[in-house]
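Contents: one structure, followed by commentary.
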Amino acid sequence: MPGYVPVMLDCENRSCMVIGGGRVAERKIGELLVASALVTVISPAVTPVIRQYHEQGKLNWMPKMYTCGDLEGAFMVHAATDDSKVNRAVADEARARGILANVADQPELGDFIHPSVLRRGRLLIAVSASGAGPLAARAIRRKLEDDYGVEYEAYLDVLYEMRQAIREQVDDPESRRVLLSKVAGEEMFALLRQGGFKSWSPEEIKHWIKNNQEEKNADNRSGQQTKRAGIDTDGPGYR
């Protein structure tokens, strides 16, 4: 069994080719478009959805059979035809050119496989059975959908803005570390849920940072006073 390395691959504005125009190719294309890849499809015929993508200018469709040399300049290729010989030929050319390849019907010929993916905005959860059973991976993903609902999209958007603000507004490394840890904790999730996961304004974020910095400073002052009073905070009563 291959030992796969899970990665999140940046395909934005990179040439990604799909050989084939059926339902399997359609699923691969959907993921690539979400990732803002530059998609080229090579197939004599395509599904209505792929044709619509082409008409909308979302991808380039070359209505022809694949021939050796078509992969020149590609970053990645998906071999997704219903002809195993064609898929193998695509994999061979990809390997010769150093191009990442996924082979739908013969995954062992390629460099990577596709996991079952749950997307909630910035949240991306990928589930893979390492080729043992795609249906099992999808079933596990569906269970995760109940645990990670649509609220996580808004939650992570707010967290992103807050992390950016903390990095810009807080110079002290230790204070920054404490605030970044706190903003990613369960307490923050509960606070945002109370507000209906609404976006925070820059003023609200600044106010939160100020309040929590003051709280940390107050804790530090209290600890210093305790030490000056001769109380051993490392003793049994404080463990």
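The values are calculated or read from the model by the stated rules, or taken from the named source; none is laboratory data. In this text, all values refer to a predicted model and were calculated from it rather than measured experimentally. Cβ placement follows ideal geometry from the backbone for every residue including glycine, while neighbour counts extend to all protein chains displayed. SASA here: full protein model, heavy atoms, side chains in, ligands and nucleic acids out. Shrake-Rupley method; radii C 1.70, N 1.55, O 1.52, S 1.80 Å.
Tell me, what is the percent relative contact order of segment 52-101, built from C-alpha pairs under 8 Å that lie six or more residues apart?
33 percent
Count the net charge of all other residues whose Cβ sits under 15 Å from the Cβ of Gly149, scoring Lys and Arg as +1 and Asp and Glu as -1.
+1
Using a probe of 1.4 angstrom, how much of the accessible area of segment 120-171 is carbon and sulfur, in percent?
Within segment 120-171, the accessible surface is 47 percent carbon and sulfur.
Let me see the pair-distance distribution of segment 103-174: every alpha carbon pair, 10 Å bin width, integer percents in order.
Result returned by the calculation: 17, 31, 24, 19, 9, 1.
Taking the chain as the reference, fit the longest principal axis to its C-alpha atoms, fit the long axis of helix 173-183 to the helix C-alpha atoms, and give the angle between the two in degrees, 0 to 90, nearest 10.
Its long axis makes an angle of about 70 degrees.
Write out the trypsin sites (Lys or Arg not before Pro) in segment 101-193 meeting two conditions: DSSP loop, and at most 16 other Cβ atoms within 10 Å of their Cβ.
Passing sites in segment 101-193 are Arg122.
Greater than 27 Å separation of Cα atoms is the criterion. Which listed pairs, Lys85/Lys143; Lys28/Lys64; Lys64/Lys85, meet it?
Distance filter (> 27 Å) returns Lys85/Lys143.
If you find the alpha carbon centre of segment 147-202 and of segment 45-60, how far apart are they in angstrom?
Centre-to-centre distance over Cα atoms comes out at 39 Å.
Within segment 30-136, report the GluC sites (Glu not before Pro) that DSSP leaves as loop and that have at most 13 other Cβ atoms within 10 Å.
Sparse-neighbourhood loop GluC sites (Glu not before Pro): Glu72.
Counting helices only, and only those DSSP H runs with n ≥ 4, report the 222 nm mean residue ellipticity of the chain as the sum of -39,500 (n - 2.57) divided by its residues, in deg cm²/dmol to the nearest 500.
-15500 deg cm²/dmol
Averaged over every viewing direction, what's the projected area of the C-alpha convex hull for segment 1-150? Give it in nm², one decimal, please.
Reported value for the Cα convex hull: 9.2 nm².
What is the dipole size for segment 109-160, taken about its Cα centre, with +1 at each Lys and Arg Cβ and -1 at each Asp and Glu Cβ, in debye to the nearest 20?
180 debye
How large is log10 I(q)/I(0) at q = 0.20 Å⁻¹ when the Debye formula is applied to the Cα atoms of segment 77-143, each weighted equally and without solvent?
Per q value, in the given order, log10 I(q)/I(0) is -0.81.
With viscosity set to 0.890 mPa s at 25 °C, what whole-number translational diffusion coefficient in µm²/s follows for segment 38-81 from Stokes-Einstein and a Kirkwood radius over Cα pairs?
Translational diffusion coefficient: 221 µm²/s.
What spacing in nm lies between the two simple spin-label points modelled at Glu12 and Leu156, each 7 Å away from Cα in the Cβ direction?
1.5 nm
Identify all aspartates and glutamates with a Cα-Cα distance to Lys206 below 12 Å; exclude those on the same chain that are fewer than 8 residues away in sequence.
In chain and number order, the partners are Glu161, Glu168.
What angle, in degrees between 0 and 90 and rounded to the nearest 10, separates the Cα long axis of helix 202-228 from the longest principal axis of the Cα atoms of the chain?
50 degrees
Averaging sequence separations of C-alpha pairs under 8 Å and six or more residues apart, then dividing by the length of the chain, give the relative contact order as a whole percent.
11 percent
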